[in-house]
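**Q** Pasting a structure here, questions to come.
We did not get these values from a lab; they are worked out from the coordinates using the rules stated. What you see is a predicted model, and the numbers here were worked out from it, not measured in a lab. Positions of Cβ are generated from backbone atoms using ideal geometry, with glycine treated the same way; all protein chains shown enter the neighbour counts.
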């Protein structure tokens, strides 16, 4: 019985290692949806909520001197930063959306040393 439980646990943990709630390509679709779309407001809200959550987490946990943020950053700016990064790095959109947004923020706001 122990071996069965361990095999199950290993199998489940291997699935969660690559699991993501949302992937970069899905978030990109939300963030670039057509303004005339029936679901535009919902998609825009999900996009802005997601990128803002990642931004808030990073700015709340980044060590001093890692991110250089000057002035107020808006949700619209974070959305545009993500879209610009995604447009330049389409091969990375198969990763978790968190990772892609995080990379876009670090690339934009990393302090020069």
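**Q** Could the peptides 82-91, 96-105 be put in order, highest first, of the mean number of other beta-carbon atoms found within 10 Å of their residues?
**A** On the way: 82-91: 15.5, 96-105: 21.1.
Put in order of decreasing packing, that is 96-105, 82-91.
**Q** Additional query: With viscosity set to 0.692 mPa s at 37 °C, what whole-number translational diffusion coefficient in µm²/s follows for the stretch 33-104 from Stokes-Einstein and a Kirkwood radius over Cα pairs? Each step should come with its number before you reach the end.
**A** Values: Rh = 13.2 Å.
This corresponds to a translational diffusion coefficient of 248 µm²/s.
**Q** A further question follows. When the chain is fully extended, how far beyond the present Cα-Cα distance does residue 32 get from residue 68, taking 0.36 nm per residue of separation? Walk me through the numbers before you get to the answer.
**A** Numbers: separation 36, 0.36 × 36 = 12.96 nm, distance 2.69 nm.
Stretched out fully, the residue 32 to residue 68 stretch lengthens by 10.3 nm.
**Q** If you don't mind, another one. So, in nm, how far is label residue 94 from label residue 77 when the simple model puts each one 7 Å beyond its Cα toward the Cβ?
**A** 3.4
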